[in-house]
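So the structure is just underneath, and the comments pick up after that.
The values are calculated or read from the model by the stated rules, or taken from the named source; none is laboratory data. In this text the structure is predicted, and so the values were computed from the model without any measurement. Neighbour counts are summed over all protein chains in view; Cβ atoms, including those assigned to glycine, are modelled from backbone coordinates with ideal geometry. Note: areas computed on protein heavy atoms with side chains; ligands, DNA, RNA excluded. Shrake-Rupley method; radii C 1.70, N 1.55, O 1.52, S 1.80 Å.
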Amino acid sequence: MTAETGLRLGVNIDHVATVRNARGGAYPDPLRAARIAEEAGADGITAHLREDRRHISDADIDGLIEVLTVPLNFEMAATAEMQKIALRHKPHAVCLVPEKREERTTEGGLEVAREENRLAHYIVPLREAGCRVSIFIAADKRQIDAAHRIGAEVIELHTGAYCDAHAEGDITTRDRELEGLREMASYAHSLGLEVHAGHGLTYDTVQPVAALPEVRELNIGHFIIGEAIFMGLQPAIAEMRRLMDEARG
Ligand code: PXP
């Protein structure tokens, strides 16, 4: 499937851990979800180890590294603690995201331009360890230029504003946001960056983003895990995959 469309699906399993942690036990197990996702056609698994460990735990990351047969996209804040963990595990990809304790989810993109010097140094050991470094940013030329200058190989464009506008029925904003994603995907690609996208994507919003030819990977979590409650994880992923392929075709 992937070879035909050139578009990978990374399934984010954070919210399996959210449900588990609601009771403080071991069920439901994010590793079991990861295995089902692999079988359902996920090309990768994404997990965000937050500073406050509100969903994914250190033990989850240990387990994922051990059992996964598809690449792990390890999302993390650009802190010394997370760098140490990433260097111990050497995941296929490290995606740097902004993190605020009080936020409910990753609200904006990383301010690469503001922290260019620090981030340029920060990613060197990660790249030397063989991790693909991805930076989660808004569709903003300034941030893309900075990500390129610091030596990131991948950018992930934040689709949250586009998805929020769609959910609110604000078609004008939605279309403007989509146009921004289109232009910036193309611009980033022209610089030689690999382009990923994600955040807030649903069955209703995925296709216009999947249709952007420069986008090589979508990372989707919350909606898939939500749909899994109603239809099961395997069919929820299969339907997302089908919509992506249809948009690409
Ligand atoms: N990509 C990144 C960088 C993220 O931080 C998240 C949320 O953890 C996602 C993708 C997935 O977003 P969602 O869970 O809304 O699908």
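Miscellaneous remarks
- With θ taken as phi - 60° and the Karplus curve 6.51 cos²θ - 1.76 cosθ + 1.60 applied, the whole-hertz 3J(HN,Hα) list for segment 87-100 is 5, 6, 8, 6, x, 3, 9, 10, 10, 7, 10, x, 9, 10 Hz, x standing for glycine and proline.
- Sulfur and carbon atoms: percent of accessible area, the chain [1.4 Å]: 51
- For segment 154-249, the square roots a ≥ b ≥ c of the C-alpha gyration tensor eigenvalues yield an a/c of 1.5 or more together with a/b not exceeding b/c, which makes the shape oblate.
- Amide proton proximity set for Arg8, modelled H, under 5 Å, gap of 5+: Glu217, Leu218
- The GluC sites (Glu not before Pro) of segment 12-56 that DSSP puts in a loop, and whose beta carbon has at most 15 other beta carbons within 10 Å, are Glu51.
- Cα-derived Rg to Rh of segment 39-83, Kirkwood definition: 0.99
- Semi-axis lengths (Å, descending) of the ellipsoid that matches the C-alpha gyration tensor of the chain: 24, 23, 17
- Put a dot 7 Å past the Cα of Asp29, heading toward its Cβ, do the same for Arg53, and the two dots end up 1.9 nm apart.
- Normalised alpha carbon radius of gyration of segment 106-189 [divisor 2.2 N^0.38 Å]: 1.19
- Gyration tensor (alpha-carbon) shape descriptor, segment 181-231, a/c threshold 1.5: prolate
- Nearest-10 value in Å² for the accessible area of Arg248, using the 1.4 Å probe: 60
- Residue-span extension gain [Glu111 to Asp175] - 0.36 nm each, minus C-alpha spacing: 20.7 nm
- Taken per residue, the accessible surface of the chain reaches 46 Å², heavy atoms only and a 1.4 Å probe.
- Of the trypsin sites (Lys or Arg not before Pro) found in segment 74-138, the ones in coil according to DSSP and having at most 14 other Cβ atoms within 10 Å of their Cβ are Lys100, Arg101, Arg104, Arg114.
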